[in-house]
Amino acid sequence: MAINEAATLSRRTFVKGSLAGLALAGAAGSALYGCAPKNEEGAKDGGAAGATDEIVWSQCNVNCGGRCVFQWHVKDGKIAYMETDNTGEAEGLQARACLRGRSMRRWVNHPDRLTKPMKRVGKRGEGKFEEISWDEAIDTIAEKLKGVIEKYGNEAVYINYATGMYSATGKTTARLMNVLGGYLGSYADYSTNMMSVAMPYMYGEECTPYDSVYASSASEAEKSDLVLMFGNSPADTRMGGANAVWDFTKVREAGAKIYHIDYRLNETASGHPEEWIPIRTGTDAALVAALAHELIANDQVDLDFLHTYCVGFDEETMPESAKGQNKSYKDYVMGTGYDMVEKTPEWAAPITQIPAERIRSLAAELAAAKAPYIVQGWGPQRHTNGENTARAICLLPCLLGKIGLPGTNTGMREAEPSALVGGIPNGKNPVKASINVYQWLNAVDHGEQMTAKNAGVHGVDQLTTGIKFLWNYAGNCITNQHADINKVHEILQDETKCEFIVVTDTVMTDSAKYADILLPDAMRAEQLNMSTNGYSEFYLGVCVGGPAQEAPGECRPSYDVNAAIADKFGKKDDYTEGRTQEEWVQYLYEEGAKADGDMPSWDDIQKQGLYKRELEPVVGMKDFRDDPAKNPLKTPSGKIEIYSEELDKLAAEWELEDGDAITPIPSFLPGYEGYGSVTEEFPLYCSGFHYKSRTHSSFGFIEELNQACRQQLWINPLDAESRGIAHGDMCAVTSPVGEIRIEAKVTPRIVPGTIGIPQGAWHQAAMDGDRVDTGGCVNTLTTYRPSPLAKGNGVHSIIAQVAKA
Ligand SMILES: Nc1nc2c(c(=O)[nH]1)N[C@H]1C(S)=C(S)[C@@H](COP(=O)(O)OP(=O)(O)OC[C@H]3O[C@@H](n4cnc5c(=O)[nH]c(N)nc54)[C@H](O)[C@@H]3O)O[C@H]1N2
Ligand SMILES: Nc1nc2c(c(=O)[nH]1)N[C@H]1C(S)=C(S)[C@@H](COP(=O)(O)OP(=O)(O)OC[C@H]3O[C@@H](n4cnc5c(=O)[nH]c(N)nc54)[C@H](O)[C@@H]3O)O[C@H]1N2
Ligand code: SF4
Ligand SMILES: [Mo]
């Protein structure tokens, strides 16, 4: 059913009159966030509040993933205020923006916007720049790029992981580089790194965290009688009107029990403390082992399911290579294999901080549940032992035999919809080598030493060069969002390592300070924008519109900038294929519409701005459950591999760092700076979490948002009292690699022994002085230690100490 075909209130241009009054009346209310006109303005026009010349559709394209819809009300060529999605009838189907999205006007019109191209004049990271012309900027970039390619080859060019811009025409650096001979590729992402690499060993190579075949829709949880969430908080991380936060509200209303396993009482559990099962950060796989122990001890595992659909639960289904060696998961749990330790609730209690009795009762509740909906967010896997944690959580529904059935989930995060339109294609990368996205800093430092076996290099056995040229478009992952900022600073100071860095952003972020050339981008409100739905659990859609106003100063769309760079190589036509950005948008829309069959015409979508239709819910792995012979998984055995022969092989062949391990079954591993690693100097565990007031570091400079949700250190009263820290005190948090200042939030909403820091605050330190970060960025504290299998960012594993500052 199309829910916005008529789009009665959503015509692109409408002036005054009753329709305008109707639409605007609904928007009144929250002037603080710039989404509604002031009353005085409205009064002038007899109630058609702040009547504007035009409504321009656009979207929130940051990487919270919600892609909520904006209607920019434009007056005299300037954005006057913003209204969000008010179309369609059904509840929950409106892609309504959260406070961050509703602050977008403050960002777009901020006096701190970058408006001119600049070149670095101080040291890297110092933040000293001089304005230059676009001609000089483009000439310099082209010349440096040519030089690096000639001297080191295309493998020396890298495009840093960056998530600030999701739109059909937003990311074109890869396309540019592909027409210029390619670049060092990358795999996985900072969001789901350990899960993306580990889950294919268990559920098959097509299993990604963004797939709707291997996970159930959030709405499926409404049919469940027990929802078990591991580190999953849609009310923090999917706050938009069409996101999963809405579903879980309905689950509660439907009467299902919900449990949140988290080291903190997150916003989704807020107001429902009875739903919170506090756990020590990074120890979920130990909890799963103890739950498995109880299920096995009480004959509550579904042996039929395990023997038909899975490999490696017990001896009966072990692969030939591992038979008779006590290497099954059951052997691990019952104390007859590997470490010969029985994983009883009493074993798990001191590790997880969950009392043995609670583990027992939870196992009983799980065994009794008709349709357990087991789901993990991406927090539990963003640890140095995240590969095994992700697999262990997915093991639970297997033990219960509750996969592929109504009301259940596979242990993965909720399913995400597919896209209705694609982006400008990247083309093919002629360079074969790729690295994990998190390995870029090692590749700058000592790329030529990185191999398949010691660093997870893909495509080649060994890199031939380090990274010499770094592109960074719409990302803050050079420093702020990466790890160990002090280490990054040291490595990037040496200009013989990475010789040239280009950053394109809209404001002076911490990463931007490391640019050799810094380019000012036009924002999406300032150009024609198109994007499909984001994380929405409710609809498939597409939104087209813009520009709403002109970009300030000399800001230019990055598509045009990259075309100008391609031109310096005589490759402009290869890059553009003869299309302007606007022509690409139309082309991509029409390609999407052709493939879809139901989307409106290009003419209609331009008038209507937004198209959406309801999404059919899915049950993860239903086809496999219904007919495993006909629909085998893409694992070597075609089954769910609880024991993976491939992982066993890697474990034997790879060169791992001291203390690291890869295991064929999802056993509990503490991980670097994980359980048991605290010291006298750093006696606390510390974890980051994604925060309401920002999307990572995006919006981090919007003062109103900082005031609404302050950057605070979550600390349990027990840990605070013993340190003489009171609520609101300024604290010094130290880790083995850095020190920050942050205000204390003393709260029982966090387990004792672990502190929590909202990730994404803007790093602020005198890098030529004491390097104490007064901005409170958690990546001042994170050690740069890629995880064993994925080589990913286990940045939620930190050890720390806190003192009153
Ligand atoms: N407001 C807001 N929303 C966002 C973002 C944002 O920055 N701000 N970022 C977006 C992006 S790109 C992503 S990838 C997603 C991130 O989504 P997630 O990765 O799921 O978010 P996190 O906050 O890291 O973790 C989710 C929860 O897991 C808990 N947790 C952490 N470690 C553990 C653990 O070891 N065990 C258990 N059981 N729980 C743990 C945290 O306390 C948190 O409540 O969010 C997206 N949405
Ligand atoms: N310790 C720790 N670190 C983490 C995480 C964690 O949980 N803990 N989470 C990780 C995760 S999941 C992710 S996805 C990454 C995200 O890390 P990043 O991808 O760096 O995300 P942001 O910090 O949002 O940075 C986006 C940048 O894009 C810019 N931008 C926005 N709009 C535009 C535009 O129109 N044009 C241009 N040129 N720039 C624009 C913003 O100003 C901002 O600087 O962080 C990771 N880092
Ligand atoms: S929920 Fe996400 S996409 Fe929606 S407005 Fe907020 S930040 Fe933007
Ligand atoms: Mo992410």
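Between Lys146 and Asn326, what is 0.36 nm times their sequence separation minus the Cα-Cα distance? Round to one decimal in nm.
59.1 nm
Rounded to whole Å and sorted largest first, list the principal axis extents of the Cα atoms in the range 464-579.
Principal extents (largest minus smallest coordinate, Cα): 44, 41, 34 Å.
Rg and Dmax of the range 214-332 over Cα atoms: what are they, in angstrom?
Every Cα atom of the range 214-332 included, Rg and Dmax give 17.7, 53 Å.
If you rank Ser186, Ser233 by how much accessible surface each has, with a 1.4 Å probe, what is the order from largest down?
Ser186, Ser233
What spacing in nm lies between the two simple spin-label points modelled at Asp461 and Glu655, each 7 Å away from Cα in the Cβ direction?
Taking the simple label geometry, Asp461 and Glu655 are separated by 1.3 nm.
Return one whole number: the accessible area per residue of the range 512-611 in Å², for a 1.4 Å probe.
Computed with neighbouring chains in place, this is 35 Å² per residue.
Which ³J(HN,Hα) values, rounded to whole Hz and listed in residue order, are derived for the range 599-606 from phi using the Karplus coefficients 6.51, -1.76 and 1.60 in 6.51 cos²θ - 1.76 cosθ + 1.60 with θ = phi - 60°, glycine and proline given as x?
5, x, 5, 4, 4, 5, 5, 5
Contact order normalised by length for the chain, with contacts defined as Cα pairs under 8 Å and 6 or more residues apart; what percent is it?
19 percent
Please give the helix 558-568 orientation as an angle from the longest Cα principal axis of the chain, in degrees from 0 to 90, rounded to the nearest 10.
Computed tilt is about 80 degrees.
P(r) for the range 684-804: what percent of alpha-carbon pairs falls in each 5 Å bin, starting at zero?
Cα pair-distance distribution for the range 684-804, in percent: 2, 12, 21, 24, 20, 13, 5, 1, 0.
Enumerate lysine pairs in the range 380-498 that are 8 or more residues apart or on different chains, then count those whose Cα atoms are under 30 Å apart.
Count of close lysine pairs: 13.
What order do you get for 328-339, 94-105 when each peptide is scored by the mean count of other beta carbon atoms within 10 Å, highest first?
94-105, 328-339
Taking only Cα atoms, what is the 0 to 90° angle, nearest 10, from helix 581-596's long axis to the longest principal axis of the chain?
That works out to roughly 50 degrees.
Between Glu365 and Cys709, what is the label-to-label distance in nm when each label sits 7 Å out along the Cα-to-Cβ direction?
Calculated label separation equals 2.6 nm.
Can you tell me the FRET efficiency between Lys119 and Ser722 if r is taken as the Cβ-Cβ distance and R0 is 45 Å, rounded to the nearest 0.05?
0.30
Would you work out the charge dipole size for the range 684-804 about its Cα centre, treating the Cβ of every Lys and Arg as +1 and the Cβ of every Asp and Glu as -1, and quote it to the nearest 20 debye?
Here the size comes out at about 360 debye.
Placing unit charges on C-beta atoms (Lys and Arg positive, Asp and Glu negative, everything else neutral), compute the dipole magnitude of the range 452-531 about its Cα centre in debye, rounded to 20. Can you show the working numbers first?
Numbers: 6 positive and 11 negative charges, 44 e Å.
Dipole about the Cα centre, nearest 20: 220 debye.
Can you tell me the relative contact order of the range 684-804? Whole percent, Cα pairs under 8 Å, sequence separation 6 or more.
Here the relative contact order equals 34 percent.
Determine, for each peptide in 482-488, 455-461, 318-324, the mean count of other beta carbons within 10 angstrom over its residues, then list the peptides with the highest first.
Most protected by this proxy first, the peptides run 482-488, 455-461, 318-324.
Per residue, how much accessible area does the range 79-153 show when a 1.4 Å probe rolls over the protein heavy atoms, in square angstrom?
46 Å²
Between the range 414-458 and the range 120-159, how far is it from one alpha carbon centroid to the other, in angstrom?
After rounding, the separation between the Cα centres reads 22 Å.
Pop out the carbon and sulfur fraction of the accessible area of the chain as a percent, whole number, probe 1.4 Å.
That share works out to 49 percent.
Using the heavy atoms of the protein chains alone and a 1.4 angstrom probe, what is the accessible area of the range 175-237 per residue in square angstrom?
Heavy-atom SASA per residue in the range 175-237 reads 23 Å².
Express the C-alpha Rg of the chain as a ratio against the empirical globular expectation 2.2 N^0.38 Å, rounded to two decimals.
Values: Rg = 26.2 Å, N = 805, 2.2 N^0.38 = 28.0 Å.
For the chain, the normalised Cα radius of gyration is 0.94.
Normalised by the residues of the range 412-502, what does the relative contact order come to in percent, with Cα pairs under 8 Å and at least six apart? Let's see the in-between values first.
Values: 91 pairs, mean separation 22.6, N = 91.
Answer for the range 412-502 is 25 percent.
Return the distance in nm (one decimal) between the two label points of a simple spin-label model at Lys634 and Thr679, each offset 7 Å from Cα along Cα→Cβ.
In this crude spin-label approximation the distance works out to 4.4 nm.
Stretched out fully, how many nm does the piece from Gln300 to Glu591 gain, at 0.36 nm a residue minus the Cα gap?
Result: 99.7 nm gained on full extension.
The values are calculated or read from the model by the stated rules, or taken from the named source; none is laboratory data. Only a predicted model underlies this, so the values are computations on that prediction, with no experimental measurement involved. Every residue, glycine among them, receives a Cβ derived from its backbone with ideal geometry; neighbour counts consider all protein chains shown. All accessible areas refer to the heavy atoms of the entire protein, side chains included, with ligands and DNA or RNA removed. Shrake-Rupley method; radii C 1.70, N 1.55, O 1.52, S 1.80 Å.
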